[in-house]
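Below is one structure, written out as structure tokens; comments come after it.
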Amino acid sequence: SLIKQQGGALPEREVAEYGRQVCAMLTRLADHNPTLIHGAISPETLIISHDKNQVSLLHLPLFTPQTIHNDSGPTGYLAPEQVRGEIYTASDIYSLSATLHHAITGYDPHERLAFFYPPARRLNPVVTPQMEAILVQGLRLSISQRFPHPAAMEKALSDLLTSYPPVSTLPITHSNPALYM
């Protein structure tokens, strides 16, 4: 609903933070013994808090690498191997990247060719090259070319977040007394 409210694209900083938080959750699942895989990440399985500071994952089918069901999620967000009946930790990375790509560009994978994601900056010129590189790596068709673990994607998103200029806590208005001190 946030994507619809915004008119197609959410601010990059918010998307990067949501992605970082989901990667932290996926890291815990991947490090579980046995490894657990969400298997259904999409905009429909992410809930954003009212203050827009926290994201939660819903619908936790929690597959192990040996199990999969064909109805595990919206197909526009599923990794190619998952569509073929295989699932890995890298499948969640792909699905998360597809979801972040949708959030930052407004490009809905249900309405386009399967497994085709145009460069984010072509669809939304304000996307930074760093964010585009993260999405490109997460959306690679080959598992071996994606992030090797959710923690690696989490680190890339954390590094991106620290590269942004600080957010001013004071609104810039003429009625702000702090401006007159």
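The values are calculated or read from the model by the stated rules, or taken from the named source; none is laboratory data. Here the structure is a predicted model, which is why all the values come from computation and not from measurement. Glycine also receives a Cβ, built like all others from the backbone with ideal geometry; neighbour counts cover every protein chain displayed.
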Sort out which residues of the stretch 1-40 are of a type in the set (K, R), under 21 Å from P148 (Cα atoms) and under 14 Å from the mean Cα position of the chain (by Cα), and write them in order of number. R20
Looking at H59, is it modelled with pLDDT under 95, under 22 Å from E154 (Cα atoms) and assigned to a loop (DSSP other than H, G, I, E, B)? yes
Does the stretch 94-117 contain at least one residue that is at pLDDT below 90, assigned to a helix (DSSP H, G or I) and surrounded by fewer than 16 Cβ atoms within 10 Å (Cβ to Cβ)? yes
Take the stretch 124-155 and flag every residue that is in contact (Cβ under 8 Å) with a residue 60 or more places away in the chain and surrounded by fewer than 20 Cβ atoms within 10 Å (Cβ to Cβ). N124, V126, T128, L141, I143, H149, A151
